[in-house]
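This report refers to the structure that appears directly beneath it.
The values are calculated or read from the model by the stated rules, or taken from the named source; none is laboratory data. Since the model is a prediction, treat every value here as computed from it, not as a measurement. All Cβ positions, even for glycine, are placed from backbone atoms using ideal geometry, and neighbour counts span all protein chains on display. Surface accessibility is based on the protein's heavy atoms, side chains included, excluding ligands, DNA and RNA. Shrake-Rupley method; radii C 1.70, N 1.55, O 1.52, S 1.80 Å.
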Amino acid sequence: MKNLRKSVFILILLFLSSSLYAQELSVVINKDVGVKEVSLKELKDIFKNKKKLWENGTKVKIALMSTKSAVGKLTADKVYGMSTKALKKFWLALVFQGKAAAPKYFDSEAGLTLYVKSNAGAIGLIGSDGVTDATVLKVDGKTKF
Amino acid sequence: MCKKYIFFFMLLLIVGTIQAQETVIRGFSDVGATYSDSDEENSFFSLGQFDLYITSQVTDRLSFVGEVVFEAEDGFIVDVERVLARYQINNFFSIVLGKHHTPIGFWNTAYHHGNLLQPTIRRPLPFLFEDEGGAFPIHTTGILFTGDNIGSLNFSYNIMIGNGLGSTPISDNDKGKSFTGSFFIEPVEGVKLGVSGYVDKASAGVSTLQGSEETPVVLIKDMDQQILTGSVVYFGTPIELITEYSVVSNKLNGGAVQSTTAFYVYGGYNFDDFTPYFRFDRMDYSKSEPYFRPVNTDEIIIGARYDFNFLSSLRVEFQRQTFPDLDVEINRLTTQLAFGF
């Protein structure tokens with residue numbers, strides 16, 4: 001009985017930890033952008049508004065998962081190196097200086113993926129297990145990081 | 001009844017257009033209270049500027065920023081602080097037309113009229129707004145050529161030609177134009193090093209900062225003005241540091257150069273959402289200064305802010321303002337709740 005309780009407890013812990021924190025991200029990109037692969041540094045530059053236009057002249061449109069979601073929190077940490085609050089302040093300052101348009105935030109990966117597929121120049125970050133039929137941008141040769 | 005339907009239809013049209021163009025309206029404001037030990041001013045509660053700003057992505061390359069401020073001044077006045085149309089030529093070059101914050105130094109381009117985004121309650125003495133008694137030309141209407149994040153040093157530049165001293169946002173009082181150039185590098189994430197220069201000629205007859213609206217004091221001759229500024233900025237975790245040093249040369253035609261030095265140093269330390277900070281400002285004028293009001297001023301600020309979230313922040317500051325030549329010292333304890341919406 002004691003062993004059973006222990007096993008159930010461990011299982012619950014494992015379940016909670018995996019659902020709290022998606023481990024890897026994938027980049028979805030509008031297929032007309034024409035970019036197949038970037039380095040992690042280039043990816044970070046794109047998401048930090050250091051790149052404003054793609055080579056085909058379309059505007060870089062950034063799509064992110066809500067900062068309240070596990071993927072949103074992972075994005076803030078892994079790509080921006082910031083807390084979610086600092087990330088929101090980062091974008092607020094850029095927009096207020098007139099240097100950038102704010103990213104679009106989504107509550108669902110399906111919604112984000114649909115936005116990226118439907119909008120020229122769009123690029124977004126979702127959990128790697130949320131990729132369905134979108135064009136995935138490789139980062140350092142990999143489809144997830 | 002018909003008018004109601006027409007009005008409703010027009011509202012829907014506007015909302016639809018706004019959504020199609022990705023137009024966003026946001027705002028900032030603040031409220032506060034100040035205790036002062038000066039006999040010249042009473043302690044007071046205060047409303048800060050009510051700042052509305054509008055951004056719109058018109059096309060992939062064309063965007064718009066507008067900033068309108070409602071501020072209390074014997075009633076409320078409306079001030080159009082920024083109107084900018086930006087055209088992105090490529091990733092390293094944009095042209096921006098309109099009324100800007102003059103790209104002198106770091107603070108004036110990083111922080112505008114929303115107090116929430118700046119690290120302290122008040123702007124540093126060199127960068128006070130013109131209607132707060134500020135000495136520098138904080139706003140300029142003109143054309144800006146700008147680019148950033150260039151190369152491994154993340155080089156950025158702003159080159160501006162605009163209406164100069166004595167002009168308005170809709171006209172220039174003389175043929176001369178102001179020229180501003182600022183150049184920054186970010187060799188390491190969070191560290192910015194920059195230099196900037198402002199050059200202008202003010203014509204005889206232009207009002208100086210030594211008078212008032214009721215009793216203006218005007219330049220008796222043409223005056224050349226140069227402002228050179230060096231900036232060092234570090235915004236990391238947990239340390240924040242900004243220091244800027246400016247040398248201003250004002251020279252009347254046929255006269256000697258009168259130099260003013262202006263600097264400030266700000267330091268803060270983040271404990272997650274809580275940041276204690278300090279700042280020291282100094283304005284040091286030449287006694288024969290022809291344009292600025294030559295009242296030497298020092299200001300020490302010791303304060304702390306608590307960020308509830310990215311849209312609200314509570315600040316408390318002790319401020320000591322000293323006028324050494326007048327042997328006057330004013331101490332204030334100020335609190336401010338700054339918020340965005």
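Against the definition (over 30 Å from residue B:312 (Cα atoms), in contact (Cβ under 8 Å) with a residue 60 or more places away in the chain and not acidic (Asp, Glu)), how does residue B:162 come out, yes or no? Give the derivation first.
Working: over 30 Å from residue B:312 (Cα atoms): yes; in contact (Cβ under 8 Å) with a residue 60 or more places away in the chain: yes; not acidic (Asp, Glu): yes.
So residue B:162 passes the test.
How many residues does the stretch A:116-134 hold that are within 14 Å of the chain's Cα centre (by Cα) and either closer than 16 Å to residue A:33 by Cα or loosely packed, with under 14 Cβ neighbours inside 10 Å (or both)?
Going through the stretch A:116-134, the residues within 14 Å of the chain's Cα centre (by Cα) turn out to be A:116, A:122-131, A:134.
Next, from what is left, pick out any that are either closer than 16 Å to residue A:33 by Cα or loosely packed, with under 14 Cβ neighbours inside 10 Å (or both): A:116, A:122-125, A:129, A:134.
Total meeting the criteria: 7.
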* Asked: In the stretch B:53-65, which residues are surrounded by 13 or more Cβ atoms within 10 Å (Cβ to Cβ) and assigned to a loop (DSSP other than H, G, I, E, B)?
  -> B:58, B:60, B:61
* Asked: Is there a residue being part of a strand (DSSP E or B), open to solvent by 30 Å² or more (accessible area, probe 1.4 Å) and within 14 Å of chain A (Cβ to nearest Cβ) anywhere in the stretch B:252-265?
  -> no
* Being assigned to a loop (DSSP other than H, G, I, E, B) and in contact with a strand residue (DSSP E or B) (Cβ under 8 Å, 6 or more places away or on another chain) is the filter; apply it to the stretch A:89-106 and report the residue that is farthest from the other protein chains (Cβ to nearest Cβ). => A:103
* Collect the residues in the stretch A:53-80 that are among the small types (Gly, Ala, Ser) and either in contact with a Lys or Arg (Cβ under 8 Å, 6 or more places away or on another chain) or within 8 Å of chain B (Cβ to nearest Cβ) (or both), keeping them in residue-number order. => A:57, A:63
* Asked: Restricted to the stretch B:97-139, and to residues that are touching a helix residue (DSSP H, G or I) at 6+ places or on another chain (Cβ under 8 Å) and among the aromatic types (Phe, Trp, Tyr), which residue is nearest to residue B:320 (Cα to Cα)?
  -> B:127
* Working only within the stretch B:280-291, note down all residues that are open to solvent by less than 30 Å² (accessible area, probe 1.4 Å) and touching a Ser or Thr at 6+ places or on another chain (Cβ under 6 Å). => B:283, B:286, B:291
* To do: Starting from the stretch A:114-132, take each residue that is farther than 21 Å from residue B:61 by Cβ and list its partners that are modelled with pLDDT under 90 and open to solvent by 50 Å² or more (accessible area, probe 1.4 Å), counting only C-beta distances under 8 angstrom and pairs at least six apart or across chains.
  => A:128/A:23
* For residue A:34, are the conditions met, namely being within 13 Å of another protein chain (Cβ to nearest Cβ) and free of Cβ contacts under 8 Å to residues at least 40 places away in the same chain? -> no
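Would you mind stating whether residue A:58 is under 17 Å from residue B:57 (Cα atoms), in contact with a Gly (Cβ under 9 Å, 6 or more places away or on another chain), surrounded by 18 or more Cβ atoms within 10 Å (Cβ to Cβ) and hydroxyl-bearing (Ser, Thr, Tyr)? It would help to see each step written out before you state the result.
Numbers: under 17 Å from residue B:57 (Cα atoms): yes; in contact with a Gly (Cβ under 9 Å, 6 or more places away or on another chain): yes; surrounded by 18 or more Cβ atoms within 10 Å (Cβ to Cβ): yes; hydroxyl-bearing (Ser, Thr, Tyr): yes.
Yes; evaluated as a whole, the condition is true for this residue.
Conditions tested, residue by residue: (1) closer than 22 Å to residue B:180 by Cα; (2) crowded, with 21+ Cβ neighbours inside 10 Å; (3) among the hydrophobic types (A, V, I, L, M, F, W, C); (4) at pLDDT 95 or above.
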{"position": "B:51", "(1), (2), (3), (4)": "no, yes, no, no"}
{"position": "B:67", "(1), (2), (3), (4)": "yes, yes, no, no"}
{"position": "B:83", "(1), (2), (3), (4)": "yes, no, yes, no"}
{"position": "B:104", "(1), (2), (3), (4)": "yes, yes, yes, yes"}
{"position": "B:112", "(1), (2), (3), (4)": "yes, yes, no, no"}
{"position": "B:120", "(1), (2), (3), (4)": "no, yes, no, yes"}
{"position": "B:131", "(1), (2), (3), (4)": "yes, no, no, no"}
{"position": "B:144", "(1), (2), (3), (4)": "yes, yes, yes, yes"}
{"position": "B:157", "(1), (2), (3), (4)": "yes, no, no, yes"}
* Asked: Quick one: would you say residue B:287 is in a strand (DSSP E or B), farther than 18 Å from residue B:122 by Cβ and away from chain A (no Cβ under 14 Å)?
  -> no
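Report, by residue number, each residue of the stretch B:66-88 that is assigned to a strand (DSSP E or B), more than 9 Å from every other protein chain (Cβ to nearest Cβ) and of a type outside the set (D, E, K, R).
At the first step, the residues of the stretch B:66-88 found to be assigned to a strand (DSSP E or B) are B:66-72, B:76-88.
From what's left, more than 9 Å from every other protein chain (Cβ to nearest Cβ): B:66, B:68-72, B:76-81, B:83, B:85, B:87.
Result: B:66, B:68, B:69, B:70, B:72, B:76, B:77, B:78, B:80, B:83, B:85, B:87.
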